[in-house]
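In what follows, a single structure is set out as structure tokens and then discussed.
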Amino acid sequence: MSEQPAADHAADRQHLEPAAADAVRAYAAKTRADADQLAAVLEDIATNGLPAVADSTPWEELREAHLTRLAAQRPAVA
């Protein structure tokens, strides 16, 4: 970001409808929560090291489970 002070263009800005503003705030909160969760996992790895292989799920199993969830959400094609 620029170190220069922002020009006052508040009058030039298009205001959002209240519902749209609430949706943007909700998205920002979800994004912030996801970033906080990722940061916590990375801090745990930095502090304690990587988890044991025996305690981990292979990525192939995670992928298949995710694809199964996606397929269940999709309507069946006749």
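The values are calculated or read from the model by the stated rules, or taken from the named source; none is laboratory data. Just so we're clear, the structure is a prediction, and the values are computed from it rather than from any experiment. All Cβ positions, even for glycine, are placed from backbone atoms using ideal geometry, and neighbour counts span all protein chains on display.
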Sole exception among (1) surrounded by 10 or more Cβ atoms within 10 Å (Cβ to Cβ); (2) modelled with pLDDT of 95 or more for PRO18, by number: (1)
Enumeration of residues in the range 51-78 that are farther than 21 Å from VAL41 by Cα and not in a helix (DSSP H, G or I): ARG74, PRO75, ALA76, VAL77, ALA78
